[in-house]
Structure formats: structure tokens, C-alpha cells
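This report concerns only the one structure given below.
The values are calculated or read from the model by the stated rules, or taken from the named source; none is laboratory data. Bear in mind the structure is a predicted one, so any value in this text is a computation, not a measurement. Positions of Cβ are backbone-derived with ideal geometry, glycine not excepted, and every protein chain shown enters the neighbour counts. Surface accessibility is based on the protein's heavy atoms, side chains included, excluding ligands, DNA and RNA. Shrake-Rupley method; radii C 1.70, N 1.55, O 1.52, S 1.80 Å.
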Amino acid sequence: MLTSNTLSRPDFVWENTWEKLSDGILYKQQLLLKSLGLELTPDQLKNLTLFEIEQILIRMNSSLRNYPSMPYPDVECVSSSNNRLIIEELSYDQNDLENDFTNLFNSLTDEQRTFFDVIMTSVKDNKGGVFFVYGYGGTGKTYLWKTLSAAIRSKGEIVLNVASSGIASLLLTRGRTAHSRFLIPLNVTEDSICRIQPESDVAHLLRKTNLIIWDKAPKVHKHAFEALDRTMKDILSSTSERNCQLPFGGKVVVFGGDFRQILPVVQGGTQHDIVKASLSSSHLWRKCEVLRLTKNMRLTVGNQNSDIEATREFAQWLLDLGEGNVGGNNDELIEFVYPSILDNFKNPTFFQERAILAPKNEVVSELNDRLLSLFPGEEKEYLSSNSLCPSDYVHDNFDANLYSPDVLNGLKISGLPDHRLVLKVGVPVMLLRNIDQKSGLCNGTRLQIISLGKRVIEAELISGSNIGHRTLIPKISLTPSDKKIPFKFQRRQFPIRVCFAMTINKSQGQSLSRVGLFLKNPVFTHGQLYVALSRVKSRSGLKLLIVDKDGNVTNKTSNVVYKEIFTNL
Ligand SMILES: Nc1ncnc2c1ncn2[C@@H]1O[C@H](COP(=O)(O)OP(=O)(O)OP(=O)(O)O)[C@@H](O)[C@H]1O
């Protein structure tokens, strides 16, 4: 009708018929995005229909621009509507979010409110800005992230919530790990960039994003932030040349965390290497405005007076790292954390908030073996299959024969399941890979074994966001990235490890109420003692067993704090 010029008022016809004309557009979009549950707002539907008409006109050598009274589709909006990532980030009920926002905002403390205003002003001004919200556990950082996210999402805008580890990302609304969200290479170096093509969906998502929140930032190597900075400058320079001069291409980025906790792991690195690898040693740190939260909200909100007093005492003791509930022996420690384990292990909540912590993997394995042998039931053994990655042979057949299966089977590597995995029904295990973050299955998630099949293991989540859910774990192929190994190999095994006991590094981000800390060796890096002791809320939930070089129980151990990390905060 348009091309034959039979309409005197095409806009009038459009306004009265667009709903009928849009028939099938939603279905087409659902197929395109492979999301049958997808819904579109009337404005999105109208715009897509108009875009469809424009495509038909273009094919007929015409355009809606030839009909001045007709509206023209918002092409930017159409490309967003075809971007699954943008749709996911916008699929919120804005009314619900507005209510959430009002509730969260009204109870912000004065300092949270000040920082909220500072960050929101930068978002509104659209001039970019980098912030670091610095506060120890319980000062309300997550609460601030939730308030900022609700404020921006309730207006139909985008916030990307990421965290440095899968387990920490579960605490954020629609949280992801920073590495998976921004496609940061695993072995990041000083000139790495993220694997984001300028015209990809992720690039368009980044262009449309109003705020990035990156929680638990101090744990990640500074090169990861620098890779994201370079990539964003590149992607956003297509919007304005000026953006390649601004940190993170002119987007507002808020980091959060606590430098008292464990810093980036640098294999074989010295104190100097670790401090140099941290965010506060990056050139980006000079652009970062530090906002300090000081009030411990965990102590003040929802606690009885007596609890507050007890917790305050504990917090003081923690901060001073004084003497603990020290003494006893191995068995007493086990009995403290897992009292009457044989009577209690069937109780579904028993393993949820308990763990024995130790600094090193060898001690953790000893404890796990011991507890596994005490545990009732039949043992089931799963052996892995290992193979060298052929692409990495240096001398073809020579390399292939150099490392025999026994050598590969014998390798014990942190983060990789052992070749010989022995399990029993009812035993707590920890996942060693991010399998499905949406379902709470992250590196660090704890589960309890329900049944042990030949090819799959059934287990129930006992930590994180989906406690009580059951899942099936298959064997997967894992390639370790340990630089100490001069070749690449693959291990096919269930990505789990028994976790009656775990290393202190693995416990970061876990919330526990009963912890036994076994210091057969003293802690060896910055933040470990602080992380181990701050897993619990009260002193009664903690027992320490310290053993000296000669195996005698003592009440002294050494702490490791790299003081220079605090100098430029
Ligand atoms: N302004 C507030 N009003 C009400 N409750 C709050 C407020 N701020 C924080 N809280 C509550 O205090 C507790 C601790 O806050 P939150 O988890 O945000 O701290 P955090 O700094 O993120 O801690 P961590 O670093 O250990 O994850 C939570 O239960 C949170 O809901």
C-alpha cells in the first residue's frame, strides 16, 4: 500500500493496525534468540514491526524515509533487541525493582548513601569514573551493589555485576565471574586483551552498559583489569574518539573488596611479586577514587544486644589476631567441627556450614582421607584417564613417550581432581570448575553425595544460592594451567574433591559457622590467617590447633601481612 501510494495518511493506518501487523514478530524473535519464554514490551514490538516494514521497502528500492509522516525504526534499539545478552540484562520486572530499590535505599547508612550518590552522579553524567569501595567483611558492600543495581535496572538500564570467583558471584543479582563475562584470557599477561570482537554481542552489551560492578577485586591479577581497560577503550572508541583516552573507555566501573584478604596467587612468586600483581599496583589505581565503608553492618542489623556484644568482642579479637580457642589434638578438632558425625551425617543441614581449614593441600588431603575412612558406607573408586595434549609436543613421538601414564596419573595439582577419587554416599564434596553458574554450580560450591553411578554422580547442593537442589555431575576433561609443568595434559575425571577439610584459599567466599583451623604449618601468604578466622561470626564457632615443627601443640603461630599493600590505599 505504501509503495503504490494508495494511502493519504499512512501514519494513521499504521497507528491503527500495527498490532495486527506485528503478528508473528514475537515468535520470530523467540526463534532467533532461542528463547521460547521471551517477552517484548509494546514499544519493542512496534519498533521491530516497523523495522521489518523498512526491510521490505529497502528490497523494493524504497524506504520509510520517503513517507515523512511515518515513524522510522530505532535501529540501535533493533540491534539491541537481537542481542540475547542485552535482552537478558533487561528482562526484569521494573515495578518489582522499583519497590526493591525504595526499600534498600531507605535504609542505607550515611556513608553508604554518600557513596551511592557519588557513583550514581557519575553514571548520570555519563563521563565515566573508576571507584574502589574498600571495606572489610560485613560493611555492606553487597548491600550497596544491590541498591545501585536496583536503581539502574528499575529505569531499564544495564548494570553488569561480576565477581572474581564463581562462589562470590552467587551473592550478586545476576552475577557472573569477571573472566567469563568479559572473556578475559586465563593466562593473562601485561599486554593481553579480552577475546571480544568489536561487533560481537558482548561488545554491544558493553556499549549499552551504564555501570560495571566488580566485587572481590583484590584477588585478581592487575593484568586482568588492564586487559579489560584496553579492550573497553578499543570497543568504545567507535562511539567517541575521546573514549580511548578515558579509563575503561569512559564507563563507570566500581571495584570492591578488602585488601586484608588473600591477594592474587603468583606461582612461585615472592612477596614483592604478589604486591606488584595486585590492583593497587596497577597504573589504573591512580585513576581510582577510594571510598571507605567503616561501619560493620553484620554486627548491627538484626542481632540481639547480647549477640552484638559477643560478636563485637570477637571482631575486636579478630582484628587484633590475639590468642584463640587453642589446643587439643587432631581428633578433638574433628569432633569440634563434626560432633558425633556418625549420628548426624544424615541431617541435611549438618555439612552446610562446617569445615576444617589448613594452609596446605597435603594436610587437607590427610584430614579428608582420615574422615573418609571413619565415614560409614562402601567406598567407590573412580580413576581418571590422562593424556598429553598432542598440539604441545615439542619433539613429537619423543615427548609422547617421555611422560608415561604413571607419571601423568601421579600428578597432584591444585584445582585438579586427583587421578584416584574415592567417595562414599553422604560425603561432602567441593566442585572444582564453574559448571553452571545460574544453577549455583561454581568452582567452590559444596555438595553432598546422594548416589554414585558408573558415569554420573548425583549430589545435593549444600552451599550457595540453590541449597537443597539436586544435580548430576558428569566426568569432564580438565587441562591444568600450572606453569611448573613443562607440558600440557588433559585429565578426564569428575570435577570434585572431598571437602571435610579445605585449604584456606578455597574457603575465601564461603560462609561457615563452625571452623577448625589446623595449623600444622603456619600460614604462608598475606591474608590467609585473616580469611581463615573471619569465616565465622563468633568465637565459639572456632577452634585452632597449632602444631610446631616438632609436632608439639603450641599456642603461637606466625601471621603474614604484606604491609606495603596498605600504603597506597
Ligand atoms: N544499610 C543497611 N541496612 C540494612 N541491612 C544492611 C545494610 N547494609 C548492610 N546490611 C546487612 O548487613 C549484612 C552485611 O552486609 P553485606 O553482606 O552487604 O556486607 P559485605 O561488605 O558485602 O560483606 P562481605 O565482604 O563479607 O561479603 C547483610 O546481612 C546485609 O543485608
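Tabulated values for the structure
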| quantity | calculated |
| --- | --- |
| Top-ranked residue of the stretch 513-546 - restricted to ones that are in a helix (DSSP H, G or I) and polar (S, T, N, Q), ranked as farthest from the ligand (Cβ to nearest atom) | 540 |
| Any helices (runs of 4 or more DSSP H) falling wholly within the stretch 141-212 and containing at least 1 residues that are within 16 Å of the ligand (Cβ to nearest atom) and modelled with pLDDT of 95 or more | 141-153 |
| Residue that is surrounded by the fewest Cβ atoms within 10 Å (Cβ to Cβ), among those in the stretch 244-260 that are assigned to a helix (DSSP H, G or I) and not polar (S, T, N, Q) | 244 |
| Tally, over the stretch 261-286, of residues that are assigned to a loop (DSSP other than H, G, I, E, B) and surrounded by fewer than 19 Cβ atoms within 10 Å (Cβ to Cβ) | 6 |
| Selection count where residues are of a type outside the set (Lys, Arg), more than 15 Å from residue 102 (Cβ to Cβ) and open to solvent by 10 Å² or more (accessible area, probe 1.4 Å), scope the stretch 141-151 | 1 |
| Residues located in the stretch 216-228, provided they are open to solvent by less than 50 Å² (accessible area, probe 1.4 Å) and either under 14 Å from residue 181 (Cα atoms) or assigned to a loop (DSSP other than H, G, I, E, B) (or both) | 220, 224, 225, 227, 228 |
| Qualifying residue in the stretch 77-85 (condition: modelled with pLDDT of 85 or more and not charged (D, E, K, R)) | no |
| Condition met for residue 133 (touching a strand residue (DSSP E or B) at 6+ places or on another chain (Cβ under 6 Å), within 16 Å of the ligand (Cβ to nearest atom) and at pLDDT 95 or above) | yes |
| Strands (runs of 3 or more DSSP E) contained entirely in the stretch 343-392, each with at least 2 residues that are over 16 Å from residue 419 (Cβ atoms) | 354-358 |
| Filter result for residue 391 (out of contact with any Cys (no Cβ under 7 Å at 6 or more places or on another chain) and modelled with pLDDT under 80) | yes |
| Enumeration of residues in the stretch 17-72 that are more than 27 Å from residue 94 (Cα to Cα), under 43 Å from the mean Cα position of the chain (by Cα) and modelled with pLDDT of 85 or more | 52, 53, 54 |
| Which listed residue, of 100, 11, is open to solvent by less than 70 Å² (accessible area, probe 1.4 Å) and part of a helix (DSSP H, G or I) | 11 |
| Residue that is modelled with the highest pLDDT, among those in the stretch 107-130 that are near the ligand (Cβ under 9 Å from one of its atoms) and open to solvent by 60 Å² or more (accessible area, probe 1.4 Å) | 113 |
| Looking only at the stretch 19-51, and only at residues there that are assigned to a helix (DSSP H, G or I) and more than 24 Å from residue 156 (Cα to Cα), the one that is least open to solvent (accessible area, probe 1.4 Å) | 21 |
| Sole residue being touching a residue at least 40 places away in the same chain (Cβ under 8 Å), more than 16 Å from the ligand (Cβ to nearest atom) and of a type in the set (S, T, N, Q), chosen from 55, 29, 44 | 29 |
| Unmet requirement for residue 10, which otherwise passes all of (1) at positive phi; (2) in contact (Cβ under 8 Å) with a residue 40 or more places away in the chain | (1) |
| Residue identified as surrounded by 23 or more Cβ atoms within 10 Å (Cβ to Cβ) and of a type in the set (Gly, Ala, Ser) among 516, 541 | 516 |
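Here's the yes/no breakdown for (1) open to solvent by less than 10 Å² (accessible area, probe 1.4 Å); (2) outside any loop (DSSP other than H, G, I, E, B):
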| site | (1), (2) |
| --- | --- |
| 416 | yes, no |
| 425 | no, no |
| 444 | yes, no |
| 454 | no, no |
| 459 | yes, yes |
